[in-house]
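Participant: Before we start, here is the structure in question, set down as C-alpha cells.
We did not get these values from a lab; they are worked out from the coordinates using the rules stated. This structure is a prediction, so every number in the text was calculated from the model and none was measured. We place every Cβ from the backbone using ideal geometry, glycine too, and count neighbours over all the protein chains shown.
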Amino acid sequence: MSSAEGKGRPPPSFWRRYIGVTLVLLSGVWFACIFLVAYTGLPVATKLILGGVFFVMMEGTFYLGLALVGKQLLSKYWGSVKRVLRGRRGTDKDSPEG
C-alpha cells in the first residue's frame with residue numbers, strides 16, 4: 001500500500017478505540033436491561049434466564065471493549081471523572097451558603 005492510498009482514512013488505532021468505547025458503553029445498556037427485566041410481566045424463571053443472559057453480555061462486551069481500548073485510555077477517562085467529582089465536592093464545601 002502506498003502512502004497515497006492511506007490518506008483520508010483514520011489510523012487503525014482510532015477504530016480500535018471507537019469500537020472499544022462503543023462496547024464499554026453498550027455494556028452499560030446491558031447492565032440497565034438487567035434491572036428493566038424485573039419490571040416486565042414475564043414469569044420468574046424467564047426473568048432469571050434473561051437477567052443471566054444480560055449479565056453475561058454485559059461482562060463480555062465490557063471486557064472486550066476494555067481489551068480494545070487499553071489501560072491508558074481507560075485510566076485517562078477515570079482520571080477525568082475523578083477530577084469532575086472532586087470539583088463538584090469542592091464547590092459544595094467552599095460555597096458561602098453552605
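Participant: On a full-extension model of 0.36 nm per residue, what is the gain between GLU59 and TYR18, subtracting their alpha-carbon distance, rounded to one decimal in nm? Write out the running numbers ahead of the final one.
Facilitator: Values: separation 41, 0.36 × 41 = 14.76 nm, distance 1.84 nm.
The span from GLU59 to TYR18 would gain 12.9 nm if fully extended.
Participant: Using the Cα atoms as the points, what is the convex hull volume per residue of the stretch 12-94 in Å³?
Facilitator: Residue-normalised Cα hull volume stands at 111 Å³.
Participant: Something else: How far is it, in nm, from the label point at ALA67 to the one at VAL29 when both lie 7 Å from their Cα along the line to the Cβ?
Facilitator: Result for the modelled spin labels: 2.1 nm.
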